[in-house]
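Shown next, in structure tokens, is the structure this report addresses.
The values are calculated or read from the model by the stated rules, or taken from the named source; none is laboratory data. Here the structure is a predicted model, which means the values were calculated and not measured. Neighbour counts are summed over all protein chains in view; Cβ atoms, including those assigned to glycine, are modelled from backbone coordinates with ideal geometry.
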């Protein structure tokens, strides 16, 4: 855009101000400054480039320079004052537009992740932010040791990396409740995997959960909830994998779908461990390590920093208290399910 492309309305009264003010040497009046600011706001709202607008002002000043302007210093001072006021109005309008855009984006994200809006209307609004909700989408959620801020350096770094590699179409990076989120097409899992790598590189101690692809406008919130549930499961079960896939953890929600039945199993199978010296937790940790390493006593002892003899003694103690032998394949499934249930229900710390 050139100075000739700028409508004359944005220069209205400019030549007269130059002539009047430069001749007398006075400063612009408050009304004149506010007029220039208002014109700057209007130009920004109309989408004109500030660079072209400044060039138009300078060109107009040159065109009237031979026609009665006073001293050069006075004239340049007026030009500087006019352009400064005009630019201030322009920047004020831009800041307002940015705040409005941020507000609209945040409102859209809230509706998207809570599913509160009309799904048809939500799909229409999504186009504005580069998402086509008629397709299946999946959500990855990164949770770090400290909260993520939308304006923080880590989200910006991760977003730049993803856009640089995949472009910004149908990818949304945002924050929610202190977590960093990535929404991507369900058939492009590599985007979410790359997001996980970038989040891990940007933040020490981060853990990323990836929900399953879900179809339609409501699919984003379903995948998001799956990713959140995966993070919650990881916390309760002590899973420290840097990347968790909701699809790999589906057995756990199934186990706790009937919470009362699971609580009954935990209390029936593991309740007798509370009679042990020091309570049930030490023996429960022993069973957890034993089952996690495939019932290999030597490996379980290493993880618990015990001798194999000490581990064997604990397993025998569990057998005596519960009547169930952890080493017997016929009993193992029931006992292992009870151990998982205890961790999911935070027993024995929480009464069932």
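Which of the helices (runs of 4 or more DSSP H) found entirely inside region 104-220 contain at least 2 residues meeting this: surrounded by fewer than 20 Cβ atoms within 10 Å (Cβ to Cβ), free of Cβ contacts under 8 Å to residues at least 24 places away in the same chain and within 14 Å of the chain's Cα centre (by Cα)? Write out each step before concluding.
Details: elements: 119-128, 153-166, 189-202.
Answer list for region 104-220: 153-166.
Evaluation of residue 260 against the conditions (1) assigned to a helix (DSSP H, G or I); (2) closer than 25 Å to residue 158 by Cα shows that the sole unmet condition is (2). Inspect all residues belonging to region 252-270 and state whether any of them is modelled with pLDDT of 90 or more, surrounded by fewer than 16 Cβ atoms within 10 Å (Cβ to Cβ) and under 30 Å from residue 204 (Cα atoms). Scanning region 252-270, I find no residue that is modelled with pLDDT of 90 or more, surrounded by fewer than 16 Cβ atoms within 10 Å (Cβ to Cβ) and under 30 Å from residue 204 (Cα atoms), so the answer is no.
Of note, residue 351 does not satisfy the criterion of being assigned to a helix (DSSP H, G or I), loosely packed, with under 15 Cβ neighbours inside 10 Å and not assigned by TED's automatic domain parsing to the domain that holds residue 192.
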